[in-house]
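Each reported figure results from applying straightforward, stated rules to the coordinates on display, with no laboratory input. All values reported here derive from a predicted model rather than from experimental measurement. In this analysis, Cβ positions are derived from the backbone assuming ideal geometry, glycine residues included, and neighbour counts consider all displayed protein chains.
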Amino acid sequence: MVNFDYKQLLQKNINNKEKNVVNELYGSLLNGYINQDTIVTNDQFGPRLLNNQEGSSIWEQIKHELLTCENYTFAVAFITDSMVSNLKPIFKDLSRRGIKGRILTSTYLYFNQPAVFQELLKIPNIEVKIAEVDGFHQKGYIF
């Protein structure tokens, strides 16, 4: 495999503000994945393990990321009624602010209910796609 300088690639054609973000992201990734003892950074961009213990709630993190993002993508195997009930007010607020979202889900085990999709269709700025792929059991969130 050829050595490649990703930092150099990231810093091409960006302004000073973006360079600061790139440097912070780069340092946070090195801190989180390589060596926490020698690379000290702001913890904002580093990897975190969310385990639903106090102070590490997946719901709280998703809510925070949604409220501060410019767009979002979810790849989830299932969308439950309770998930839509909790997220619907946030999705509507994001829609009013012009923030677009995408949700990729599946027909895996036929768990998703049509009523969930009917509710999501009522919210502008959300694109919902259904993957008809065997074994699609994703849980991914990009903000």
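Residues in region 114-143, backbone N under 16 Å from the label point at Leu50 (7 Å along the Cα-to-beta-carbon vector): list them, ranges by number please.
From region 114-143, the list is 138-143.
Let me know the charge dipole size of region 58-129 about its Cα centre in debye, to the nearest 20, where only the beta-carbon of Lys, Arg (+1) and Asp, Glu (-1) is charged.
Details: 9 positive and 7 negative charges, 47 e Å.
Magnitude of the dipole: close to 220 debye.
Pull up the cross-link candidates among the aspartates and glutamates for Lys100, meaning alpha carbon to alpha carbon under 16 Å and not fewer than 8 places away within one chain.
Candidates past the 8-residue exclusion: Glu65, Glu70, Glu127.
Within the set Lys19/Lys63; Lys19/Lys122; Lys19/Lys88, which residue pairs have Cα atoms separated by over 32 Å? Spell out each step's value before the answer.
Values: Lys19/Lys63 27 Å; Lys19/Lys122 39 Å; Lys19/Lys88 35 Å.
Among Lys19/Lys63; Lys19/Lys122; Lys19/Lys88, the Cα-Cα distance tops 32 Å for Lys19/Lys122; Lys19/Lys88.
With a ≥ b ≥ c taken as the square roots of the eigenvalues of the C-alpha gyration tensor of region 101-143, please select rounded if a/c is under 1.5 and otherwise prolate if a/b is larger than b/c or oblate if it is not?
Details: a/c = 2.45, a/b = 1.27, b/c = 1.93.
Oblate shape, in that a/c is at least 1.5 and b/c is the bigger or equal ratio.
Given H placed on each backbone N at 1.01 Å, which residues far from Ser106 in sequence or on other chains put an amide H within less than 5 Å of it?
The list, which skips near neighbours in sequence, is Ala131.
Calculate one ³J(HN,Hα) per residue across region 87-100 by plugging θ = phi - 60° into the Karplus curve 6.51 cos²θ - 1.76 cosθ + 1.60, and present them in order as whole Hz with x for glycine and proline.
8, 4, x, 5, 4, 5, 4, 4, 4, 4, 8, x, 8, 9
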